[in-house]
Amino acid sequence: MEEVNQTVVSEFIILGLCNSWELRAFFLLIFSSLYLITILGNIFIVLLITADLHLHSPMYFLLANLSFIDFCLSSVITPKMITDFLKENKTISFGGCMCQIFFGHFFGGGEMILLVSMAYDRYVAICKPLHYSSIMDRQKCTGLVMTSWITGFVHSISQLALIIKLPFCGPRELDSFFCDIPLVIRLACMDTYSLEMLINADSGVLATICFILLLLSYFYILLTVRLHSKEGASKALSTCTAHITVVVLFFGPCIFIYLWPLHITWVDKFLAVFYAVITPVLNPAIYTLRNKEIKNAIQRLRC
């Protein structure tokens, strides 16, 4: 039996966002603040919706789950990135890298399906208001949330299963601030072109399908409201525009990174920051601060 003289990689070197200490100090302040806002904002939304009986409806049940997923998704990547700003030599263990990949795709895939579920909820509420209670019952809402979690898990475990057994024997530098499949797979000691196309297609197709479904939902919502009321159309357009902004910021980077990869390092880092750090901050603001019922719930909480 022939032995192969290879050194198995036990950790990866993370190059981070930048090398300049001044920029790292600036990013440390910015991303620490954003992460704190993300954590406090999303936890507050979950607790508020749970505690206030007026918010026990399908829309807010889905919103609470979105806030929980955003809390988890942000916590997969951001804390490690923040602590790395303080280090000259940044590394992550092989196991830690695989965990980042698994949980990043688990929560990211789950959020995609949940956003589609929320758009479907709004579609039923506006386009079929007389049947809303019967369509969006407790069983349907629970099923939609379970579908998002199961889809995220199946998507993530299928991705991880394809790369965890790949031979990694060097190089071991990741030119990013976290572990992600397109970067890690290029470090394998074998030809991974076909595998890379398969994995990228998996994530890219999921993101694209969800993105198209979301746009179709909002299109039908706006069309229905416009036919009934010009004033309502203006209000719906304002709300949908804000929601679509979050959707584009979350799905746009995912589609470009996986389905149409540019392989331009600074662009990939820029896009990754949006869906991993910026979007979890925007969701609480977009979906709650502009919402009248949430504002009323906060007022009741103060009293």
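The values are calculated or read from the model by the stated rules, or taken from the named source; none is laboratory data. A quick note: this is a predicted structure, and the numbers were derived from the prediction, not measured. As a convention, Cβ positions derive from the backbone with ideal geometry for all residues, glycine included, and neighbour counts pool all protein chains shown. Note: accessible area is taken over every heavy atom of the protein model, side chains too, but ligands, DNA and RNA are not part of it. Shrake-Rupley method; radii C 1.70, N 1.55, O 1.52, S 1.80 Å.
The table below lists the values:
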{"quantity": "Residue list for segment 126-137, restricted to those being more than 25 Å from the chain's Cα centre (by Cα) and within 16 Å of residue 63 (Cα to Cα)", "calculated": "137"}
{"quantity": "Residue that is touching a Leu at 6+ places or on another chain (Cβ under 8 Å) and either assigned to a helix (DSSP H, G or I) or over 29 Å from residue 138 (Cα atoms) (or both), where the choices are 59, 112", "calculated": "112"}
{"quantity": "Test: residue in segment 76-83 that is basic (Lys, Arg), open to solvent by 40 Å² or more (accessible area, probe 1.4 Å) and in a helix (DSSP H, G or I)", "calculated": "yes"}
{"quantity": "Subset of segment 166-219 [open to solvent by 10 Å² or more (accessible area, probe 1.4 Å), of a type in the set (Gly, Ala, Ser), more than 30 Å from residue 128 (Cβ to Cβ) and touching a residue at least 40 places away in the same chain (Cβ under 8 Å)]", "calculated": "170, 201"}
{"quantity": "Members of segment 180-219 found to be among the β-branched types (Val, Ile, Thr) and not in a helix (DSSP H, G or I), listed by number", "calculated": "192"}
{"quantity": "Positions within segment 220-240 being open to solvent by 40 Å² or more (accessible area, probe 1.4 Å) and at pLDDT 70 or above, in sequence order", "calculated": "220, 222, 223, 226, 227"}
{"quantity": "Selected residue (criterion: surrounded by the fewest Cβ atoms within 10 Å (Cβ to Cβ)) from residues of segment 119-146 that are hydrophobic (A, V, I, L, M, F, W, C) and modelled with pLDDT under 90", "calculated": "130"}
{"quantity": "Members of segment 133-162 found to be free of Cβ contacts under 8 Å to residues at least 24 places away in the same chain and over 23 Å from residue 68 (Cα atoms), listed by number", "calculated": "133, 134, 135, 161"}
{"quantity": "Candidate set: segment 89-103, residues that are open to solvent by 20 Å² or more (accessible area, probe 1.4 Å) and part of a helix (DSSP H, G or I); chosen: the one nearest to residue 202 (Cα to Cα)", "calculated": "102"}
{"quantity": "Selected residue (only one of 86, 160, 114 is among the aliphatic types (A, V, I, L, M) and either at pLDDT below 90 or open to solvent by 30 Å² or more (accessible area, probe 1.4 Å) (or both))", "calculated": "86"}
{"quantity": "Which numbered condition residue 23 fails, given (1) open to solvent by 20 Å² or more (accessible area, probe 1.4 Å); (2) in a helix (DSSP H, G or I); (3) farther than 18 Å from residue 176 by Cα", "calculated": "(3)"}
